[in-house]
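Since the structure comes first, as structure tokens, the remarks are kept for the end.
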Amino acid sequence: MKQVMEISAFLAFKEIWRNRGRFLLVALVIALITLLVLFIAALGEGLGNGNREYLSKLDAQLIAFQSKSDYLIGASRLDRDRLASIARVQGVADAGMLGASSANLILPGQEEPLKVALLGVEPGHAGEPPVVQGRQLGTKLSNEVIIDRNTALRSGLALGDTLEMRVTQGTRDEYYKLRVVGISGGQQYSLQPSIFVPFFTWDKVRPKSEAEINSSDPIANIILIKLDDPAQADVVRQRILSQVNNIEVATISETIQALPGYSAQQSTLNTQGGFTLFIGLLVIGGFFQIQILQKVAQIGVLKAIGTTNKVVAATFIIQIFMITVIGVLIGSLLTFLFSLTFPPTIPIVFNGTTSAIAIVALLLIGPLGGLVSIRYAVRIEPLKALGLSS
């Protein structure tokens, strides 16, 4: 077996070197396919991450929604009475209100404001993101804000700065100033950079209709629930539903799947990636099939002098694998270089696991695409190939 592999590797390498221009062209085609597949995977990860990032990092296990809201955050409305009722349920360690809206940051020297997600959280409770710089929010009524890393990058804001925010309340634009006391890691919400303010401050500064302006009862969208024992999530969920009226309770995963367009978006991008791999399979298979057809006579000579089918098959497998590896390496390098040029506004995230799966799939399509050509090569009859059969 060792001898077979040595002979096969020698033949494969010699032919690649002799026809290096032709094989380099195929490697570049594979590199372009690799570039496309990795960017589709990164775009899917970036878009998905931008939608779910804040929710997926919550220090909570369950989320309470208004009844019949279909787990849609924007369609849910809950008051503080529900918060108190949920907090009393056995197995609930903590509960915090979350209000979600949007706002415009007025940035010095820029004509266009930065659109951000304005999230109201209760300081010290579930939903407040941990900071990597600065400190957590102070009192429930403080005019303080935590900005996420994306907001800091895109706005230039730093700790201690005062940001100016514009919102529409009724028919008027109102302006509010808040002091940046902390910066969190990536906490995008609905593909927008996020800012976090104390819940009662959020209720004061959020966009409102005319009917809401004079309301004194703060209303949240959802209630985030942290459990004593996350393993008992199903049990506590049933307790909450039986003890608190007019609510529905979802897990973090169910909430993410219910995000508008999230599932359809991911399915579309996964389908595009699958079709790209399929096209790569056809391209590689077609090239090596043409190669075999052009070398029928040479294969016939090899077989006529005693070369076995094992050597012929192994030669083409090694050859296909080498070209595929070279193409994938070139494509991965190009992907890395291109990724350095993209601004933070483009939602592309190269996840290690996702990229590794894509690269493994690309390495497999070479041998798979060459299976037909290998089968054809081992079935070549020496006499017919040399034109000596009657």
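Conditions tested, residue by residue: (1) over 21 Å from GLU248 (Cβ atoms); (2) modelled with pLDDT of 90 or more; (3) out of contact with any Asp or Glu (no Cβ under 9 Å at 6 or more places or on another chain); (4) in the same structural domain as GLY185 (by TED's automatic domain parsing).
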site	(1), (2), (3), (4)
ARG88	no, yes, yes, yes
GLY96	no, yes, no, yes
LYS115	yes, yes, yes, yes
VAL167	yes, yes, no, yes
- Query: Which ones in segment 161-173 are part of a loop (DSSP other than H, G, I, E, B) and either in contact (Cβ under 8 Å) with a residue 24 or more places away in the chain or open to solvent by less than 50 Å² (accessible area, probe 1.4 Å) (or both)?
  - Reply: GLY170, THR171
- Hits in segment 232-253 - residues which are part of a helix (DSSP H, G or I), surrounded by fewer than 14 Cβ atoms within 10 Å (Cβ to Cβ) and more than 16 Å from the chain's Cα centre (by Cα): ASP234, VAL235, GLN238, SER242, GLN243
- Task: For VAL26, indicate whether it is open to solvent by less than 20 Å² (accessible area, probe 1.4 Å) and outside any helix (DSSP H, G or I).
- Result: no
- Message: With the requirement that a residue be surrounded by fewer than 17 Cβ atoms within 10 Å (Cβ to Cβ), in contact with an Asp or Glu (Cβ under 8 Å, 6 or more places away or on another chain) and either closer than 15 Å to MET165 by Cβ or aliphatic (A, V, I, L, M) (or both), what does segment 181-231 give you?
- Response: ILE219
- Please go through segment 134-160 and pick out each residue that is assigned to a loop (DSSP other than H, G, I, E, B), open to solvent by 30 Å² or more (accessible area, probe 1.4 Å) and not polar (S, T, N, Q). ARG135, GLY138, LYS140, LEU141, GLY156, ALA158, LEU159, GLY160
- Could you please tell me which pairs satisfy a Cβ distance under 7 Å, a separation of 6+ or placement on different chains, a first residue in segment 347-358 that is part of a helix (DSSP H, G or I), and a second residue that is open to solvent by less than 40 Å² (accessible area, probe 1.4 Å) and of a type in the set (Val, Ile, Thr)? ALA358/VAL37
- So LEU11, is it hydrophobic (A, V, I, L, M, F, W, C) and touching a Lys or Arg at 6+ places or on another chain (Cβ under 7 Å): no
- Looking at (1) over 23 Å from PHE342 (Cβ atoms); (2) touching a helix residue (DSSP H, G or I) at 6+ places or on another chain (Cβ under 6 Å), can you tell me which one PRO129 breaks? (2)
- Task: For segment 240-249, indicate whether the set of residues that are among the polar types (S, T, N, Q) and at positive phi is non-empty.
- Result: yes
- Item | Counted residues, segment 254-274 - those being touching a strand residue (DSSP E or B) at 6+ places or on another chain (Cβ under 8 Å) and part of a loop (DSSP other than H, G, I, E, B) | 1
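For segment 334-357, what are the residues that are more than 13 Å from the chain's Cα centre (by Cα) and either within 16 Å of LEU269 (Cα to Cα) or modelled with pLDDT under 75 (or both)?
PRO344, THR345, ILE357, listed by residue number.
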- Query: For segment 194-224, which residues satisfy the criterion of being within 32 Å of the chain's Cα centre (by Cα) and of a type in the set (D, E, K, R)?
  - Reply: ASP203, ARG206
- Go through the residues of segment 45-58 one by one and say whether even a single one is crowded, with 16+ Cβ neighbours inside 10 Å, assigned to a helix (DSSP H, G or I) and acidic (Asp, Glu). yes
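Can you name the residue in segment 135-174 that is polar (S, T, N, Q) and under 30 Å from the mean Cα position of the chain (by Cα) and, of all such residues, is nearest to GLY109 (Cα to Cα)?
Across segment 135-174, the extreme among qualifying residues is SER155.
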- Task: Quick one: count up the residues across segment 183-200 that are touching a strand residue (DSSP E or B) at 6+ places or on another chain (Cβ under 7 Å) and in a helix (DSSP H, G or I).
- Result: 1
- Only residues that are surrounded by fewer than 21 Cβ atoms within 10 Å (Cβ to Cβ), of a type outside the set (A, V, I, L, M, F, W, C) and not in a strand (DSSP E or B): list them for segment 83-122, please. SER85, ARG88, GLN90, GLY91, PRO108, GLY109, GLN110, GLU111, GLU112, PRO113
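The values are calculated or read from the model by the stated rules, or taken from the named source; none is laboratory data. Everything numeric in this text was worked out from a predicted model, so none of it was measured. For neighbour counting, all protein chains shown are included, and Cβ atoms are generated from backbone atoms with ideal geometry for every residue, glycine included. For the accessible areas, the whole protein counts, side chains as well, though only heavy atoms, and no ligand, DNA or RNA atoms are used. Shrake-Rupley method; radii C 1.70, N 1.55, O 1.52, S 1.80 Å.
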